[in-house]
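Accompanying notes for the structure given below.
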């Protein structure tokens with residue numbers, strides 16, 4: 001395998017490699033890739049395991065990065081990074097970040113971050129982080145040590161609704177566990 005790759009659509013229509021040091025590509029379809037630094041433009045990626053990722057106008061099923069992920073006009077099913085995730089006019093289903101998440105004109109279904117989450121002109125279904133700031137958009141449920149929601153932001157569930165949802169979930173979960181225990185023949189004593 002080579003350490004570097006720089007291709008265009010004229011050279012390669014479909015790529016499926018193991019590991020690259022630097023992957024710089026345009027107009028590629030990649031099933032699975034492992035690279036240190038991945039920088040793609042107008043590409044489709046099934047699964048990427050990288051150190052750093054930079055996507056522009058691309059789509060990905062899943063990206064896992066040891067450091068940071070930067071997306072511009074891109075979308076992904078699930079992304080996870082030990083570092084920061086920055087999205088501009090992009091969206092993702094699920095985001096898991098060890099660091100901070102910044103979204104401008106985009107959104108995500110679920111965000112769990114070890115640092116702060118900032119969303120400007122976008123939306124998030126559920127966000128859990130140390131600090132959350134939502135400006136000009138909407139949020140379903142925000143949980144954090146410091147949550148700032150700007151005036152005019154639509155909030156689907158406030159603190160009171162979150163307590164009710166948690167209580168309902170706990171009751172249903174307890175009921176399901178109890179039913180399974182009864183169906184198995186009761187609780188076993190040790």
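Every number in this text was worked out from the coordinates using simple rules, so none of it is lab data. Bear in mind the structure is a predicted one, so any value in this text is a computation, not a measurement. Glycine gets a Cβ as well: all are built from the backbone with ideal geometry, and neighbour counts include every protein chain shown.
Would you work out if the stretch 43-176 is rounded, prolate or oblate? Take a ≥ b ≥ c from the square roots of the eigenvalues of the alpha-carbon gyration tensor; rounded if a/c is under 1.5, else prolate when a/b is larger than b/c, oblate otherwise.
Cα axes put the stretch 43-176 in the prolate bin.
Arranged by the count of other C-beta atoms within 10 angstrom, fewest first, what order do 151, 26, 66 take?
Result, fewest neighbours first: 151, 66, 26.
Given axes a ≥ b ≥ c from the Cα gyration tensor, I'd like to know whether the stretch 20-90 is rounded (a/c under 1.5), prolate (a/b larger than b/c) or oblate.
Judged from the Cα gyration tensor, the stretch 20-90 comes out rounded (a/c under 1.5).
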